[in-house]
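The structure appears below as C-alpha cells.
Each value in this text was obtained by applying a stated rule to the coordinates, not by laboratory testing. The model shown is predicted, which means the values in this text are computed figures rather than measured ones. Positions of Cβ are backbone-derived with ideal geometry, glycine not excepted, and every protein chain shown enters the neighbour counts.
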Amino acid sequence: MRKYWKFAVLIAVVIGALAVLASTGVNETKTYYKTIAEVGQMGDRAFTERLRVAGDVEGGSIQRANGQVNFTLTQDKRELKVAYTGSDPLPDTFRDGAQALADGRMGRDGVFHAIKIQAKCASKYEAKPSQLRAAPAPPVNKSI
C-alpha cells in the first residue's frame, strides 16, 4: 500500500508542475490590444507587460533604416513612436493611414518596441453602403 501512496504523490507533483507551467505560459502570451491612451494610463505596468497597441499609421512617418522600421501610431490626437525590429516582413497593407496593431513592449525611452506588426484590412475591399442595393434580376428568356 505504501508503494501506491508514493506513486500517487509523485503523480500529483507532476500534474501540479504541469498546471503551473501551463498557467504561466498562458498569462505570458495572452494580450489584449490597448489604445494609445490606455497605454499612457498604465504607468509603470506599461514597461513590464507585453502589449498590443492599436492605432493609425501617421502619414509620412514610416522610416526604414538598418533593418528597423520606425513609424508613429496616432489615435484621438495622441501619438506613439514605434520601432519594429521583427523578422517577419511587414504586411502589404501597412502604409500611411492604415490601421495597425503593434505587438511588443514599451521602452523606458518612450518608444514602443514591436516584434510583430499586423495591418488591418482596408475598408476599400468592402462595398460601400450605397453599392449594397439589391442586384437587378436576370433577364427572363420568354422564347422557350
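Figures for the structure shown
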| read-out | value |
| --- | --- |
| DSSP-assigned coil residues among trypsin sites (Lys or Arg not before Pro) in the stretch 69-107, each with at most 10 further Cβ atoms within 10 Å | K77 |
| Reduced Cα scattering model of the stretch 32-123, Debye log10 I(q)/I(0), q = 0.13 Å⁻¹ | -0.37 |
| Distance in nm between pseudo-label sites at K3 and R95 (7 Å out along the Cβ direction from Cα) | 7.3 nm |
| Packing-based exposure ordering (other Cβ within 10 Å, fewest first) of L90, L21, L51 | L21, L90, L51 |
| Relative exposure of I11, I62, judged by other C-beta atoms within 10 Å (fewest first) | I11, I62 |
| Neighbour-count order for D96, D56, fewest beta carbons within 10 angstrom listed first | D96, D56 |
